[in-house]
Amino acid sequence: MSRGKDARMARRAAQFSKFRLVELNLIPLVDTFVSIVFFALTTATVGELSPVVPGVRLPTAGVGVVALSQLTLGIGAQVTLSGHPLMSTLDAARAKSNDPGQPLVIPPLLIALKASSDSIRRIKATPRDSSLDTPLAIQGDSSMHYDLLARVMQTARMAGFKNISLQVNKTGNATTVTTTPAAPGAP
């Protein structure tokens, strides 16, 4: 009788051996946790923003992230850099580029942005031709034309700013300003 029982146990062991857990694969679990951490970090709120430049009516948006303090370029009736008027918006729209390879550049704005970027580079002791990590926030009036916005963004890129964001008011709360990062390399 012992031989029959042993044979039955051997058959069962052979039949269920394929279901035996030999090792635990942790790679999919780690990938899932890394994905969760990545999305949690990229969607986190990052702080309060500077006040809206006087004379600029920002458009509204339903989604956005509160931005960090940054260099602010206001485009309303006048183009202002950190609250200091540079030129009228009409003059900026009419300005012709003096570089045939960059027809969108606004020369007076480029000079002002270059001066700001050079002073930031001096403070941070970075090389003269390197791109800046300092964010530049564009607060454009809601009636601003997209062609002017494209020219302003191209001028900012030529001045060395690589982190350019567009600021809008959140829907339902007119005092809070949010920022939407512009696509890297987009004019």
Long-range amide H partners of S88, meaning residues 5 or more apart or on another chain whose placed amide H is closer than 5 Å, are V79
Taking placed amide H atoms and a strict 5 Å upper bound, the residues 5 or more places from I138 or on another chain that come that close are L73, S165, L166, Q167
Straight-line reach check, K5, cutoff 30 Å on alpha carbons, 8 or more apart in-chain or any other chain, hits among lysines -> K18
Given unit charges at Cβ for Lys, Arg (+) and Asp, Glu (-), the dipole magnitude of the stretch 80-168 about its Cα centre in debye, nearest 20, is 260 debye
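Read-outs throughout are calculated quantities, based only on the coordinates presented, and are distinct from any laboratory measurement. Since the structure is predicted, the reported quantities are computational estimates derived from the model, not experimental observations. A quick note on method: Cβ atoms are made from the backbone with ideal geometry, for glycine too, and the neighbour counts reach across all protein chains shown.
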